[in-house]
Amino acid sequence: MEFSLSRFKNIETRQFKCEVVTPMFLGGADGKHAELRAASIKGALRFWWRALYGSDDIEDMKKREGEIFGSTEKKSRLSLRVDCSIKPELGNLPKGKMFKTTSRGRTFSLGIIDYLAYGLYEYKRGVGNVYIREHIPAGSSFKIILKYDSNIGDEILESFNALVSFGGLGSRSRNGFGSFCCEDSQKLLGLGKIKRELLDFSALSKESRVFVFNKHKNWIDALSEIGLAYKDARLSLENKHTFEKRALIAMPIEVKGENIPLYIRKGRHQKPYLLHINKIKEGVYQGRILFMPYEYKYYFFKNENDKKELRDDKFDEYFVECEKINDILKNKAQEVKYEF
């Protein structure tokens, strides 16, 4: 990490040497080729800034966010640049740990990494799953250069720290893809003790938990462990082909012929579990699952042409199902952290 401060302009500059930990499925400017762009990282920083500093006063939050990241009315006080020469790849990923599943009366084996990457590949008869999206491979190196007003430095660095610690870049980042590590990023600032109540959107609160799992020699085994733990916990909520409870956590995979209720299909929301792989040191990888719940609300539809109606009558049920998942994850994890 490099650090510099301009006394005259009150501008700080920090540079981070980063490494891709799990494959990144990032869309480039042309929508076809994977490309690591500053806009993607800045968008992720916005998300984690909201998770740390957001509030239910939406107008005030937008104002404060715009003052840092820019808006149609104000120029951003943060400049972000990416320095890299990464060659993307198009090809299948390792399968990871295998598990048995049943579909249409047929039992077969599926790799947990394919399960987590659903939607990034197509099934071809006689071949199997074939990935159709390019990715930036694990082990790729890049540099992030941040330049910002010093009086917003803590918020920028806290947000960056949270992104590196719990988040990722690109598609399926909540399923553990797009994790990356940076030298010294987690030594800059602690996340502090967050004691606030739940907000209407994904944000850290007093209800947040971090489930820390075993150490492994590669990202494949680390992602396999937390992927299987999350899959088993979520599928334990109800029988297959039933969607009332699992859908409170995340949108179920819809198989042809199944009828997922309209309010679930059209009222999609962010799942409260974020899978992440941390590279502790050379050759040591560890999975984490961040539980980051929010005040659950959904849009109800009676039919396709029905006017949507915002409801909050499923919050209690949502939190009960989350606690069931948490109990299972607690038994599978090596450690549970309640403060950040």
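The values are calculated or read from the model by the stated rules, or taken from the named source; none is laboratory data. Everything numeric here is computed off the predicted structure, so don't read it as measured data. So basically every Cβ, Gly included, is an ideal-geometry build from the backbone, and we count neighbours across all protein chains shown. The area values use the complete protein model at the heavy-atom level, side chains included, leaving out ligands, DNA and RNA. Shrake-Rupley method; radii C 1.70, N 1.55, O 1.52, S 1.80 Å.
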Worksheet entry | Protection proxy ranking of 61-73, 14-26, 319-331 - average other beta-carbon atoms within 10 Å, highest first | 14-26, 319-331, 61-73
Item to complete: Express in % the proportion of alpha carbon pairs of the stretch 266-331 at distances exceeding 18 Å.
Response: 55
Item to complete: Would you mind checking the tilt of helix 219-235 against the longest principal axis of the Cα atoms of the chain, expressed as 0 to 90 degrees and rounded to 10?
Response: 50
Item to complete: Return the sequence-ordered ³J(HN,Hα) values of the stretch 48-63 in whole Hz as given by the Karplus equation 6.51 cos²θ - 1.76 cosθ + 1.60 applied to θ = phi - 60°, using x for Gly and Pro.
Response: 6, 5, 4, 4, 8, 10, x, 8, 6, 7, 4, 5, 5, 5, 4, 5
Worksheet, complete the sentence: Helix 153-166: inclination vs the chain longest Cα principal axis, degrees, rounded to 10, gives 30
Worksheet item: What share of Cα pairs, in percent, lie more than 23 angstrom apart in the stretch 55-199?
Response: 55
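Tell me, what % of the accessible area of the chain is carbon and sulfur with a 1.4 angstrom probe?
46
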Worksheet entry | Set of lysines near residue 147 by C-alpha distance (under 22 Å), chain-local residues within fewer than 8 positions excluded | 9, 17, 42, 62, 63, 74, 75, 187
Worksheet item: According to the Cα gyration tensor, what semi-axes, each the square root of 5 times an eigenvalue, does the equivalent ellipsoid of the chain have, listed from largest to smallest in whole Å?
Response: 33, 25, 20
